[in-house]
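Let me begin by presenting the structure, written as C-alpha cells, before commenting on it.
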Amino acid sequence: MARREDDSYTNGSVFEASVEEGGRTSRKRTPSTSRSLLLRQRADDDALCGMSASVSFIQQLIAEFFATFFLIFAGCGVITVDDMNSKATFPGIAVVWGMTVMAMIYAVGHVSGAHINPAVTVGFAISGRFPGGRHVPAYMLVQTVAATMASLVLRLMFGGQHLRASVTVHADGGSNIQSLVLEFFITFYLMFVIMAVATDDRAVGQMAGLAVGGTIILNALFAGPVSGASMNPARSIGPALVGNKYRSLWVYIFGPFAGAAAGAWAYNLIRRTDKTLAEVTKSARQTN
C-alpha cells in the first residue's frame, strides 16, 4: 500500500512516496521525471513527522524552540497569573494549554513537525516516524532549553514565588505512583491521537491541531487536579530548574516518556497494511 509521506500536521501540502511499503512501486518512471523521483527518494528520511526536506535542520530546531517557548510561556504564564488573582480559573488554564498547542501545530507543524515535547519526539523515533542519530537528542535539548528560558522570563516578570505555582506536582494527599500511572495513560492517549492524525493517510491531517489540542484540554481537565497533567518532560523540567523545586520530578519525566512510547507502539498495531502476518513478523525480526 502506497503511503503518503507527509506524516505531519499539514494544511494542504501532500508529498507522495515513490516507494511502496513492503515492495516496489508500480509507478512508471520516465526520463523526464527520473531526476525528480531521485531527489524525492533522497529526501524520504527528512520528510518524516512534518520535517520538510527543503527546510534545513537548523531551521527545524529554531521552529521547535519558538513553539516550545510559546507553549511554556503561555501555559505556565496563565498558571502564574491565576495564582496571583484567581481570575483565569482551572478550566481556563486547560483551554490555554490546548489552544496554544493547536496554534503551534498550525504555525510550525509543516516546518519541524511541532513536537514541542521530548516524549513525542521519542515516540515518533521509536515508531520509525522520525530519524534517529542527531535529530532526537537535538530536538529534546532545544525543547528543554526553550522551556527553561520561558520559565526564566516568567520569573523575571512575576517573581519566583508566583512561578513556583507552575511547577508540576501531584495534589495534596496524592502519591507519586498515582501520578505516575495517570501521566502514563494521559500521555499514552495523547501520543495515540498524534500518531493517528500525523502519520496515517486515512486521517484528516488538516484537523490535527483541533484533535491534539482537544486531547490536551480533556486530559488537563480530568488529570490536572490529581497529577498536574504534564504530559511533557520539558514542561516539568523547565519550571523545576528555574523555581528550584524538584519534588517528584522523576514522575513527570518517566511517565510521559513511557506513555508516549507505548502510545506510538499501540497505534502501529492498528495501522492498515496489506502485508501478510509472515511479512510483518519478518520485518520486525530484521528491525530487532
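The values are calculated or read from the model by the stated rules, or taken from the named source; none is laboratory data. Keep in mind that this is a model prediction, so the values were computed, not measured. Note that we place each Cβ from the backbone using ideal geometry, even for glycine, and neighbour counts take in every protein chain shown.
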Any hit, the stretch 236-252, residues being among the hydroxyl-bearing types (Ser, Thr, Tyr) and closer than 19 Å to Val78 by Cβ: yes
Filter result for Met84 (buried (at least 19 other Cβ atoms within 10 Å of the Cβ) and at pLDDT below 90): no
Residue in the stretch 167-179 that is crowded, with 17+ Cβ neighbours inside 10 Å and out of contact with any Ser or Thr (no Cβ under 8 Å at 6 or more places or on another chain) present: no
Unmet requirement for Val145, which otherwise passes all of (1) farther than 24 Å from Ser56 by Cβ; (2) surrounded by fewer than 24 Cβ atoms within 10 Å (Cβ to Cβ): (1)
Residue within the stretch 109-121 that is surrounded by fewer than 24 Cβ atoms within 10 Å (Cβ to Cβ) and at positive phi present: no
Output for the stretch 38-79, where each listed residue is of a type in the set (S, T, N, Q), modelled with pLDDT under 90 and either under 28 Å from Trp97 (Cα atoms) or not in a helix (DSSP H, G or I) (or both): Ser52, Ser54, Ser56
The stretch 130-148 - residue that is in contact with a helix residue (DSSP H, G or I) (Cβ under 7 Å, 6 or more places away or on another chain) and farther than 20 Å from Met231 by Cβ and, of those, modelled with the highest pLDDT: Ala138
Yes/no for Gly132 being farther than 21 Å from Asn219 by Cβ and assigned to a loop (DSSP other than H, G, I, E, B): yes
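One line per residue, one yes/no per condition, for (1) part of a helix (DSSP H, G or I); (2) within 18 Å of Thr199 (Cα to Cα):
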| site | (1), (2) |
| --- | --- |
| Ala88 | no, no |
| Gly92 | yes, no |
| Val95 | yes, no |
| Gly98 | yes, no |
| Met102 | yes, yes |
| Ile105 | yes, yes |
| His110 | no, yes |
| Ala114 | no, yes |
| Val122 | yes, yes |
